[in-house]
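Note sheet for the following structure.
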Amino acid sequence: METETEKKRLWWFMGSLAGIALLINAFFFSHENPRIQQRQVNWQPQTPQATAPNNDDAARQAAEAAAASQRAIQEAAAKHAQFLARYLNPGFARKPGMEMVAIVVASEDGRLNRTVSAALTDHFKSQNAEILSSFFTPEFVSDGLFNTVIGGSGDLSRQLELANTLDSLLLARQQVQYSTNPDLLNVITANMQLEVALMPIAGNAQGQSWTFTANGAGFNRAAARQLAEERLIRQIAKDTKMSLN
């Protein structure tokens, strides 16, 4: 009898323990489960969201681009103005009914020869033509632009905007060679050559060219050269072939 009673007590005790265990498990599960779910939610990878365009940023970028473009235009204009100012003298403009011709004579040492330029100006001047002997600066010759233009570069003429003022260019290139004659007390002879080219700026007109040569003798190069140039200038004055037409 006592054995049966003890068995019942043992079963009752074990059932009580099982019930307590279930209650404890239910309590902790009800508190931990939301935390687990929260951690699971937090661990989910974030999907990048497309950002909507900002109107203020777009407007600012457009304004900056416009300002940069304007600065580039202004810088290019200033650079071109400096280019023109280096090679062209100011104050020249077209005259109605007049043929505008700029003349440049380059000596053998890469300088402007104003003496020969004056002789050619006197030869070509007329009532219908204005010969501009100071249209170009000395740098036009010394910087090599003269050789480029006389070589036939139309691009440089466009860069210099010559068509805005001129109808033609009259370019002359001077060359001198020296020789010494021992049989004549070492007298020096200067052989001078002048190539003259008339070059239309625009249109279908054909260019023309002429060549002059003259010799001069002296006991030094300067004297021989001067005499050769004087003889060459007299040839220009007497010439009947050179004309603007």
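The values are calculated or read from the model by the stated rules, or taken from the named source; none is laboratory data. The structure displayed is predicted, hence computed values, not measured ones. Every residue, glycine among them, receives a Cβ derived from its backbone with ideal geometry; neighbour counts consider all protein chains shown.
Observations
- Test: residue in segment 212-225 that is within 32 Å of the chain's Cα centre (by Cα) and surrounded by fewer than 18 Cβ atoms within 10 Å (Cβ to Cβ): no
- Residue within segment 133-143 that is touching a Ser or Thr at 6+ places or on another chain (Cβ under 8 Å) and outside any helix (DSSP H, G or I) present: yes
- Residue, farthest from G218 (Cα to Cα), within segment 154-188, restricted to residues that are small (G, A, S) and in contact with a helix residue (DSSP H, G or I) (Cβ under 9 Å, 6 or more places away or on another chain): A163
- Residue check, D167 among the acidic types (D, E), touching a strand residue (DSSP E or B) at 6+ places or on another chain (Cβ under 6 Å) and closer than 21 Å to G207 by Cα: yes
- One residue alone among T165, T240, T148 is within 19 Å of D122 (Cβ to Cβ) and of a type in the set (V, I, T), and that residue is T240.
- As a summary of the residue check, V149 satisfies the conditions (1) buried (at least 19 other Cβ atoms within 10 Å of the Cβ); (2) out of contact with any Asp or Glu (no Cβ under 9 Å at 6 or more places or on another chain); (3) at pLDDT 95 or above except for the one numbered (3).
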